[in-house]
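This report concerns only the one structure given below.
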Amino acid sequence: MSPQDRPSRTTEAFFGRRRGKPVRPQQAAALESGLDAYRLDLTADAPSDLRTLFETEVSAVRLEIGFGGGEHLLHRAIEAPTTGFIGVEPFVNGMAKMMMAVRTRPLANLRVHDDDATRLLDWLPPASLDGIDLLYPDPWPKKKHWKRRFVSPVNLERFARVLKPGSKFRFASDIDTYVNWTLLHCRAHGAFAWQAAEAADWHRPYEGWPGTRYEAKAVREGRRPAYLTFVRK
């Protein structure tokens, strides 16, 4: 997508703070070396075939936006070595944790982006992804902040552009208002078909779901997670 065609970001700010506790020296070293090895270069043109981004041969490419500490992304990348995974996480501490993990166990099917996910989405070629995961994104619970929720008409248009027909957008959250928000926005967009045959479907974790620390905390505090799946028409 050319710069003049990219949606304006004047009101886009989908993530909060970039840093938490100070990164320890060992984490800082892993972060620096890891980003050198795994970070995508968005100053270069995106390849027409995203499979060429990886150091190993892959048959599909999936994107996870906001991977947090990386538990889910790491699990998926290890269990599916012939799938390429791109992980986005602007929070330095989360990226540092992920880079510590791949320092111990390198992954040839992984690439990362440590900035705004919308920049990556606009960089990707059309119909280039086999799936997008948005798992437990910041719910921005105050009404005045709802415009900062990642699920929005402009971002769903971005998803629709980069997803292949028949591929899946998966959304998980423990916040009822954000679940309803996502269902309404996807229905209004028209490019996504919700996959749910019965009421229990959207409370059933995805196949092979490893769980996350955030999810465990939500369950302990009495919030029931929802797992939505939408197919790109």
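The values are calculated or read from the model by the stated rules, or taken from the named source; none is laboratory data. The structure displayed is predicted, hence computed values, not measured ones. We work out accessible area using only protein heavy atoms, side chains counted, and drop any ligands, DNA or RNA first. Shrake-Rupley method; radii C 1.70, N 1.55, O 1.52, S 1.80 Å.
Computed quantities for the displayed model
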read-out	value
Percent of alpha-carbon pairs separated by more than 13 Å within region 188-233	64 percent
Accessible area in the full protein assembly, largest first, 1.4 Å probe, for Lys217, Lys144	Lys144, Lys217
Bins of 10 Å, starting at 0 and running to the largest distance - Cα pair percent for region 88-150	16, 41, 34, 9, 1
3J(HN,Hα) from dihedral phi, region 87-96, Karplus parametrisation 6.51/-1.76/1.60, rounded to Hz, x for glycine, proline	x, 10, 7, x, 6, 4, 5, x, 5, 4
Stokes-Einstein D in µm²/s, Kirkwood radius over Cα pairs - region 113-181 at 4 °C with 1.567 mPa s viscosity	100 µm²/s
Cubic angstrom per residue, convex hull over Cα atoms of region 38-171	110 Å³
Among Tyr214, Tyr38, Tyr136, residue whose mean-square fluctuation peaks in a GNM of the chain (springs only between Cα atoms under 10 Å)	Tyr214
Ellipticity estimate at 222 nm from DSSP helix runs (n ≥ 4, -39,500 (n - 2.57)) divided over the chain, nearest 500	-9500 deg cm²/dmol
Convex hull volume per residue for region 133-233, taking Cα atoms only, in Å³	107 Å³
Rg over Rh, two decimals, the chain (C-alpha only, Kirkwood Rh)	0.94
GNM top mover of His72, His145, His189 - the chain, alpha-carbon springs below 10 Å	His145
Calculated from backbone phi, Karplus (6.51, -1.76, 1.60) coupling profile of region 219-230 in Hz, x at Gly/Pro	5, 4, 8, x, 9, 8, x, 10, 10, 9, 10, 10
Pairwise Lys count, the chain - Cα closer than 22 Å, eight or more residues apart or different chains	6
Region 38-77 - convex hull of the alpha-carbon atoms, volume per residue in Å³	97 Å³
Largest-first principal axis extents, alpha carbons of region 54-119, Å	29, 28, 18
Highest-MSF residue in the chain out of Arg149, Arg213, Arg111 [GNM, Cα springs under 10 Å]	Arg213
Accessible area in the full protein assembly, largest first, 1.4 Å probe, for Trp202, Trp194	Trp194, Trp202
